[in-house]
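Data first, discussion second: the structure below is written as structure tokens.
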Amino acid sequence: MKKKCKKLILSILTVSFLLVKMQDKVNAVNIATMGLDPSLMTTYLAEDESKNTEIASVINYFINNYINPSMSDFEKEIQIIKYLVETVSYDTEELDNDSHYINDSYKAYGALVNHKAVCSGYAKAFDLLAKNCGLSTIVVTGEAINSSNQNGPHAWNQIYLDNEWYNVDVTFEDPITNVELSTGQLFNNYINRTDSEFMINHIRENGNVCTATKYGKDTVAYYLNTGVVDLNANVDSVRKMYESQIALHSMNNNETELKSTIDKLLLLGANHDDNSNFILSGNDLEVTTYILTHLAMGESVITVVTGPNTQGKLSVDTGHWMQDYITIPGKINMQRVFSSDGEFDTRILIFKFG
């Protein structure tokens with residue numbers, strides 16, 4: 001009698017376990033396919049069902065650990081971008097072989113499970129995570145000019161926030177395109193941008209017209225730096241705060257904090273709201289005059305933003321610039337930090353007086 005009871009209990013437990021596993025699998029498939037056109041399944045996910053179960057597991061993990069119900073759509077979007085930038089590496093090797101559009105790196109599986117993808121994988125992973133977080137997004141395709149100034153096929157996303165569409169390119173947000181930024185640090189040059197802003201290096205073949213700026217660069221920058229969503233934020237006040245911190249860290253020879261604060265300023269964008277430090281032409285005399293004028297005003301951290309492709313072309317980039325132009329008596333050193341995102345070239349000049 002005891003043996004029969006024991007077998008019955010074991011049978012019940014076994015059936016219960018199998019039902020739970022089956023339910024897990026059903027939930028996983030539902031989560032992985034939610035919001036997707038069935039015709040896109042093979043390009044988004046994987047032909048192997050076990051791989052799709054892995055994708056679902058990652059999506060569940062992301063939602064449980066990074067998303068909470070109180071978040072706005074904008075905050076969810078930023079969490080998705082940060083997660084992908086922090087966990088995915090661009091698959092440069094895939095571009096050199098003949099398996100285009102077949103390899104997992106072209107699918108969401110490559111980005112979410114293998115943590116390696118090309119632009120198509122980044123875009124599909126963003127779309128999949130976003131849809132499972134209740135966001136309205138699409139994948140768009142076209143061409144783009146990469147960091148090597150080469151034009152080629154490209155994929156990115158558009159997101160619908162407060163009844164308006166925005167462009168998002170998670171691939172270009174990855175720090176692999178900018179060695180000045182720390183791993184995991186966002187560019188904030190390809191999040192929620194307009195078509196006119198993207199036209200600098202993106203040619204879109206499909207998708208929606210994007211003209212909205214409400215959740216654009218300044219809103220993103222302020223949120224990334226403060227954790228506060230403020231659609232009317234005074235971003236310049238945060239820039240000036242970081243500049244004063246850079247000066248203090250430089251004076252105290254605190255290299256760790258100095259590097260961290262520089263990264264934050266680059267993330268925020270060094271271009272002043274009034275464009276006073278933006279010299280589009282990259283005119284050498286104009287740049288030098290701007291620097292010397294602000295140096296004479298007692299500033300020790302001076303930011304200059306020019307159009308792209310000016311690195312090494314201005315006199316301030318040379319080692320003898322100080323001895324040619326600085327006439328302030330006493331010992332003075334200058335540290336240069338250069339960053340380019342393809343749209344702007346930014347120089348942060350840090351002067352230290354001895």
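The numbers here are math on the coordinates, done by the rules we state, and not lab data. Given the structure is predicted, the values throughout are model-derived calculations rather than measurements. Backbone-built Cβ (ideal geometry, glycine too); neighbour counts: all protein chains shown.
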(message) Counting other C-beta atoms within 10 Å, and keeping those with at most 13, which DSSP coil trypsin sites (Lys or Arg not before Pro) do you find in region 235-324?
(response) K313
(message) Give me a comma-separated list of calculated 3J(HN,Hα) values for region 132-142, in order, Karplus coefficients 6.51, -1.76, 1.60 applied at θ = phi - 60°, integers in Hz, x for any Gly or Pro.
(response) 6, 9, x, 9, 9, 9, 9, 9, 10, 10, x
(request) Output the pairs from K131/K240; K82/K107; K76/K116 with a Cα-Cα distance over 27 Å in this structure; if there are none, say none. (result) K131/K240
(message) I want the local charge near G282. Using Cβ-Cβ distances under 12 Å, sum +1 for each Lys or Arg and -1 for each Asp or Glu among the other residues.
(response) -2
(request) Show the residues, 5+ positions off or on another chain, whose built amide H is closer than 5 Å to the amide H of A155. (result) S120
(message) Please compute, over every Cα-Cα pair in region 235-353, the percentage with a separation greater than 22 angstrom.
(response) 30 percent
